[in-house]
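J.: Have a look at the structure that comes next, please.
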Amino acid sequence: MTTAAVRTAASKGGLRGSVWRVSEAVARVELGLATLGLMALVVLVLLQAGARVGLDLGLAWPGEASRYLFIWSSFLGGAAAVHWKEEIRVDVMTPLVERFVAPQRVSAVVLQVQRVSAFVGACFLTYFAVLCYQQVAFLQEIESRSLVMGVPMWTVAAALLVSCATGAFHYVAVLLNEPLADELLGKTDDDGGTTTATAETVAP
């Protein structure tokens with residue numbers, strides 16, 4: 001998603017604009033936490049390697065902590081990517097639609113496909129969040145802990161719960177602030193300027 005497209009959606013008033021701004025704030029927090037997690041992961045890996053090579057110490061806890069940091073960072077980053085429509089790209093869709101649809105209808109068809117995809121994604125992540133909540137509750141009930149550090153395992157499983165919940169919210173925010181397709185959100189010209197298409201110009 002281009003910067004101009006983000007600003008266009010964020011500038012919308014009312015409930016849709018509010019939802020978008022909350023989604024953007026949550027996504028920025030997720031990216032910040034994911035970045036900090038990856039930085040801490042690198043430090044732990046270097047610590048483990050340095051202790052093994054320099055001091056001949058086989059520390060186990062940095063490896064376990066690194067795995068948990070990687071899990072949290074990966075899922076938080078994946079959830080944040082939904083807000084900016086960077087979680088997945090299907091570049092073949094537009095050329096395929098152009099082969100079977102009149103040129104003036106291509107934008108509308110692509111937009112409808114994006115709408116359906118966002119709706120399905122929101123439903124899937126919501127359902128998965130419910131399952132993850134049940135798993136987290138189960139791990140809390142049995143008081144499962146990791147072998148090395150004794151970390152409650154529900155805190156690790158919570159990474160999936162949080163990312164599914166926020167990811168579903170991001171999908172709803174994007175769905176309410178059409179258009180979704182990157183090629184419809186904005187295009188950067190050769191001079192570095194940006195033009196933005198709106199939902200009204202591409203709606204069927």
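We did not get these values from a lab; they are worked out from the coordinates using the rules stated. Fair warning: this is a prediction, and the values are worked out from it, not measured in the lab. We place every Cβ from the backbone using ideal geometry, glycine too, and count neighbours over all the protein chains shown.
J.: Can you bin the stretch 52-155 into rounded, prolate or oblate? Criterion: square roots of the alpha carbon gyration tensor eigenvalues sorted a ≥ b ≥ c, rounded for a/c under 1.5, prolate for a/b above b/c, oblate for the rest. Write out the running numbers ahead of the final one.
T.: Numbers: a/c = 5.61, a/b = 2.13, b/c = 2.63.
Judged from the Cα gyration tensor, the stretch 52-155 comes out oblate (a/c at least 1.5, b/c at or above a/b).
J.: Restricting to DSSP loop positions (anything but H, G, I, E, B) with no more than 10 other Cβ atoms inside 10 Å of their own Cβ, which trypsin sites (Lys or Arg not before Pro) remain in the stretch 58-131? Let's see the in-between values first.
T.: Working: sites: R67, K85, R89, R99, R105, R115; in loops: K85, R89.
Answer in residue order: R89.
J.: Which order do M153, M39 fall in if you start with the one that has the fewest other Cβ atoms within 10 Å? Show your work: numbers first, answer last.
T.: On the way: M153 18, M39 12.
Listing M153, M39 from fewest to most nearby Cβ atoms yields M39, M153.
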